[in-house]
Amino acid sequence: MPSIFRTSTGRTTYLRAYDEMLRRWPRPTLRSFDTALGTTNVIEAGDAGLPPLVLLPPVAVSATAWFPIAGMLCRHHHVFAIDVVGDAGRSSLVRMPRSGADYADWLVECFDALDLERPAVVGHSYGGWLALRLAVGHPAAIGSMILLSPASGLSPFHWYAGLFLRIAERLPLRPSARSVLKAQVHRGYQLDDTFVALMDAASAHVRTQVLFPTPLADDELMSIRVPTLILIGEDEPLYDPAAALERARLLIPNVEGRLVPLASHLLPMERPGFVDAAIESFLDRPISAVEAA
């Protein structure tokens, strides 16, 4: 399988930006192991005696993108942030997944390698789609699920957003990372310069090899039994946030969903304190309370 990096020099440049972003984390360590899809890299942080929490990132940003909220989450959790195989980051792809089920199988392999038993899983954007695929394919592998602006799994992208996401890497003149990110944050939000540099490095040097996320079928969503929290920004630009939550409430049995004010698509960056508090409140509740919500 070809490397995700366009050139060896580009790989060096990108990984330098990745490591710079990693410096924003609270005492992180890197772990890697082989899976059927490729070598997987994980950022681990927090006290090993705390409950485990798996973080799945958006596409093209790597697990380092959790930096605004990582320190907060580590106060209560042993955090495992996974670089998705075939995407920007330190993981490498040896076999292209054929379906969402392949990603679900891969995540179970990751959990086994990390010795995690039914951890809570937080997925942002593309990571939310991966979490949904896991909940459908391996319901016994996951304890609870938090979806932050999940990409397409609940509602299709607006046609123009879907078209841009499909062709962005093939455009001869790609827009800058700053302009792309500005379209995904609430008005007035100040973008982090180190994160913008990481995104620019990914745009210039990484050729992602991941499946395009598509909405799950009704019967797939109805099969989800894990307690689920869904947070979507009121100004979500990629799809209709109200329609996504309405479909989730109609089909997913044990779900709680809410629109987040003063937020667009990058929830962990725009509203880190709100997201952290919502996650902790959700995970602290007895299962019976969640099922009755």
Inter-residue pairs, beta-carbon under 6 Å, first in contact (Cβ under 8 Å) with a residue 12 or more places away in the chain and closer than 24 Å to MET199 by Cβ and in segment 42-61, second of a type in the set (Lys, Arg) and open to solvent by 10 Å² or more (accessible area, probe 1.4 Å), 6+ apart: VAL42/ARG31; GLU44/ARG31
Subset of segment 166-196 (residues that are free of Cβ contacts under 8 Å to residues at least 60 places away in the same chain, part of a helix (DSSP H, G or I) and not charged (D, E, K, R)): ILE167, ALA168, ALA177, SER179, VAL180, VAL196
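For ALA113, indicate whether it is surrounded by fewer than 17 Cβ atoms within 10 Å (Cβ to Cβ), touching a strand residue (DSSP E or B) at 6+ places or on another chain (Cβ under 6 Å) and not charged (D, E, K, R). First the steps, then the outcome.
Values: surrounded by fewer than 17 Cβ atoms within 10 Å (Cβ to Cβ): yes; touching a strand residue (DSSP E or B) at 6+ places or on another chain (Cβ under 6 Å): yes; not charged (D, E, K, R): yes.
For ALA113, the condition - surrounded by fewer than 17 Cβ atoms within 10 Å (Cβ to Cβ), touching a strand residue (DSSP E or B) at 6+ places or on another chain (Cβ under 6 Å) and not charged (D, E, K, R) - is met.
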Checklist (1) under 22 Å from SER179 (Cα atoms); (2) touching a His at 6+ places or on another chain (Cβ under 7 Å); (3) in a helix (DSSP H, G or I) applied to GLU280, failing item: (1)
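Taking segment 186-235 on its own, how many of its residues are of a type in the set (Phe, Trp, Tyr) and open to solvent by 30 Å² or more (accessible area, probe 1.4 Å)?
Initially, segment 186-235 is screened for residues of a type in the set (Phe, Trp, Tyr), giving 189, 195, 212.
Keeping just the survivors that are open to solvent by 30 Å² or more (accessible area, probe 1.4 Å) gives 189, 212.
Final tally of qualifying residues: 2.
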GLU20, sole failed condition from (1) among the charged types (D, E, K, R); (2) farther than 19 Å from ALA197 by Cα; (3) surrounded by 14 or more Cβ atoms within 10 Å (Cβ to Cβ): (2)
Unmet requirement for ALA104, which otherwise passes all of (1) among the aliphatic types (A, V, I, L, M); (2) assigned to a helix (DSSP H, G or I); (3) farther than 26 Å from GLN184 by Cα; (4) in contact (Cβ under 8 Å) with a residue 60 or more places away in the chain: (4)
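Restricted to segment 60-74, and to residues that are of a type in the set (A, V, I, L, M, F, W, C) and touching a helix residue (DSSP H, G or I) at 6+ places or on another chain (Cβ under 6 Å), which residue is farthest from VAL206 (Cα to Cα)?
Taking segment 60-74 and keeping what is of a type in the set (A, V, I, L, M, F, W, C), we get 60-61, 63, 65-67, 69-70, 72-74.
Pick out the ones that are also touching a helix residue (DSSP H, G or I) at 6+ places or on another chain (Cβ under 6 Å) and you get 60, 69, 72.
On the way: ALA60: 8, ILE69: 25, MET72: 30 Å.
Across segment 60-74, the extreme among qualifying residues is MET72.
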Scan of segment 197-221 for residues that are over 19 Å from ALA161 (Cα atoms) and not in a loop (DSSP other than H, G, I, E, B), ordered by number: ALA197, LEU198, ASP200, ALA201, ALA202, ALA204, HIS205, VAL206, ASP218, ASP219, GLU220, LEU221
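The values are calculated or read from the model by the stated rules, or taken from the named source; none is laboratory data. All values derive from a computational prediction rather than experimental measurement. Note that we place each Cβ from the backbone using ideal geometry, even for glycine, and neighbour counts take in every protein chain shown. SASA here: full protein model, heavy atoms, side chains in, ligands and nucleic acids out. Shrake-Rupley method; radii C 1.70, N 1.55, O 1.52, S 1.80 Å.
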